[in-house]
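Comments concern the structure below.
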There are 2 protein chains.
Amino acid sequence: MLATLAEAGFSDTRARRAVVDALCEADSGASPADLLARGRSRHSRLGQVTVYRTLGILERLGLARKLHQEDGCSLYAASTRGHGHHVICRTCRRVAEFEGCSIEKVLSSVTARTGYTVEGHWLELVGLCPACRGKR
Amino acid sequence: MLATLAEAGFSDTRARRAVVDALCEADSGASPADLLARGRSRHSRLGQVTVYRTLGILERLGLARKLHQEDGCSLYAASTRGHGHHVICRTCRRVAEFEGCSIEKVLSSVTARTGYTVEGHWLELVGLCPACRGKR
DNA sequence: TTACTTGCAAAAACTTTGCAGGCGC
DNA sequence: GCGCCTGCAAAGTTTTTGCAAGTAA
């Protein structure tokens with residue numbers, strides 16, 4: 001992830017590393033505030049603004065993805081570069097990434113029914129992770 | 001839509017009607033601010049707060065759906081009650097609703113690969129509507 | 001009448017911007 | 001050393017809350 005940042009021409013700074021590490025260590029969706037808190041354990045002078053700015057960069061590079069949810073959409077999760085989707089646990093917010101969403105069939109039927117040319121899609125699953133399912 | 005509100009125990013007020021009508025007449029995603037503006041042409045004393053409150057009710061009843069987008073997620077669209085998804089035009093924001101997203105196969109493969117129990121999903125398509133495609 | 005609604009004003013929450021100083025390269 | 005980065009403070013936005021007055025039933 002840091003390597004990709006470097007390739008893209010961004011310098012390797014302490015603040016960015018703190019944000020990136022905080023995001024990667026989290027196996028659940030993290031809000032900018034969460035990331036600030038976690039990042040500060042690595043770099044105490046880290047500011048919220050830098051978290052936002054770094055997230056912006058990561059998002060543009062496809063390294064982080066914003067998770068959208070019923071009750072707001074300001075959680076972020078690390079993401080393998082490129083296309084992919086996330087499943088998020090409705091209880092603990094832990095996320096898992098997956099690829100291959102065979103929705104080609106849906107696309108053609110939507111095109112036929114609505115006349116739209118579909119260029120992109122956003123898919124997100126919600127459920128219970130193995131750990132939370134066990135707890136019940 | 002108003003009938004459904006009544007059945008759910010909400011009274012039929014001028015303000016709510018203004019918001020509902022504004023949302024229904026819009027064939028594109030509308031922000032709370034858009035709805036306030038449009039709603040005021042019907043009920044000039046309408047306040048922004050009521051727009052938010054009404055949208056909250058409609059959302060809970062499944063009559064309105066929040067559209068999530070790259071650059072923020074505060075657009076709403078009227079929605080047929082129950083399960084469904086939207087395609088939104090990336091140019092004019094016009095939306096169309098569709099049902100039948102055959103993602104059952106995806107679900108089982110995700111369950112197998114991640115161990116999550118998937119309970120719900122959220123899918124949104126982006127593209128060009130017939131009108132915007134023609135304009136180019 | 002009685003409880004539900006509304007809208008104003010204010011507060012709160014969340015993001016972005018301006019800018020002087022700091023740090024990576 | 002030069003130019004990209006950072007963080008503080010402040011400004012902007014968006015959404016929520018408190019409350020007295022208004023309205024549906």
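Where a number appears in this text, it was derived from the coordinates with a stated rule and is not lab data. Quick caveat, the model's predicted, so the values are computed rather than measured. Using ideal geometry, Cβ is built from the backbone for each residue, glycine included, and neighbour counts are taken over all protein chains shown.
At-a-glance table
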| quantity | calculated |
| --- | --- |
| Average beta-carbon neighbours from other chains, 10 Å sphere, peptide A:44-56 | 0 |
| Inter-copy spacing of residue A:33 label points, which lie 7 Å from Cα along Cα→Cβ, given in nm from shortest upward | 2.4 |
| Set of aspartates and glutamates near residue A:105 by C-alpha distance (under 20 Å), chain-local residues within fewer than 8 positions excluded | A:119, A:124, B:97, B:99, B:104, B:124 |
| Centre separation in Å (Cα based) which lies between the stretch B:83-98 and the stretch B:21-49 | 19 |
| At 7 Å out from Cα toward Cβ: residue B:115 inter-copy label distances (nm, ascending) | 4.9 |
| Computed [θ] at 222 nm, deg cm²/dmol, the protein assembly as shown (DSSP H ≥ 4; -39,500 (n - 2.57); rounded to nearest 500) | -12000 deg cm²/dmol |
| Peptide B:125-131, shielding by other chains (average Cβ, 10 Å cutoff) | 6 |
| Label distances, nm, residue A:13 versus same residue in remaining copies, Cβ-directed 7 Å point | 4.9 |
| Cubic angstrom per residue, convex hull over Cα atoms of the stretch A:2-134 | 137 |
| Shielding by partners - mean other protein chain Cβ count within 10 Å, residues of B:96-103 | 5 |
| Calculated from backbone phi, Karplus (6.51, -1.76, 1.60) coupling profile of the stretch A:27-36 in Hz, x at Gly/Pro | 9, 10, x, 10, 8, x, 5, 4, 5, 5 |
| Rounded to 5, the percent of DSSP beta bridges in the stretch B:11-136 classed as antiparallel | 75 |
| Cα-based reach from residue A:135 at 14 Å (exclusive), listing aspartates and glutamates while leaving out same-chain residues under 8 positions away | none |
